Amino acid sequence: MAAVASIWETQNRPKTRAEKIIHWTGIALVSLLIAAGAGVFIYLRWDFDDSWPEPGEGLSGSFRLAKGEHRAAWQAMPTTCVDGKERGFEGIAFEFSSGAVTAVRIDTSRAGDNTVEVHFADPGRPPVIAREGDCNRIDGSIRRSNYVLNGRHMYRLTGTIRADCPKQGITGHATFDGCLPMSPADLH
C-alpha cells in the first residue's frame, strides 16, 4: 500500500519549472512534426501548376448521334471536357463549340445503371438519354488528381470513356487529360 501511495504522491506533486518546460517543449515539438508532415503530404499531393490547359489540349475522340425521329445525324470531336461535379452530376461532360449538340454527359454515379446524355443547342429539345442496361457498353476509367489553379483547389480528370448505345443511336469514345471543374470560358 505504501508503494501505491508513493506513486500517487509522485504523480500529483507540483511540477518543477524544468519539468513544465520539458513537457510543453515536447508537445510543441510533436505538433511541429505533425504540421510539417501534413505540409509535405499536401505539397506532394497537389499539382501547383497555375496554367490553364488550352481547350482541347489532352482531349481526343469523337461522338456520334445517328439519325433518328425529328433529328439529323451528328458527329463531332469534343472541344473541352468538364468535371461533372460542377454541373450537378458524378462523371464528365464533353462540350462542343458548334453544331446541333452542345454537350455529351456521361454520368458514372450509378453502378450498373450509368447514363449517357446528348444535350442539344436548341433548349426546347429534350436530351437523348441512354441507360447502361440499354447499351452494349458504357465504360472506361476516370482518375481524379488534386490540382491548384489560381489558388483554388480542384480535381483534374484523366482517363478514357467509351459508349455504344445503338438503340438510342449514341456511340463515341474519348481520351482526356486535364478536364477541370469549369471550362476556360467559365473562368473569365
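The table that follows gives values for the structure above.
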| item | result |
| --- | --- |
| Where labels lie 7 Å past Cα in the beta-carbon direction, separation of Met77 and Asn136 in nm | 2.3 nm |
| At R0 = 35 Å, FRET efficiency that the Cβ-Cβ distance of Ser60 and Ile34 yields, to 0.05 | 0.20 |
| Inter-probe distance in nm under a simple model that places probes 7 Å from Cα toward Cβ, at His70 and Lys20 | 8.1 nm |
| Label-to-label distance, nm, for residues given as Val148 and Ser98 (7 Å Cα→Cβ offset) | 4.0 nm |
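Any read-out appearing in this document is the output of simple, stated calculations on the displayed coordinates, not a laboratory observation. The model shown is predicted, which means the values in this text are computed figures rather than measured ones. Counting neighbours? That spans all protein chains shown, and the Cβs are built from the backbone with ideal geometry, glycine included.
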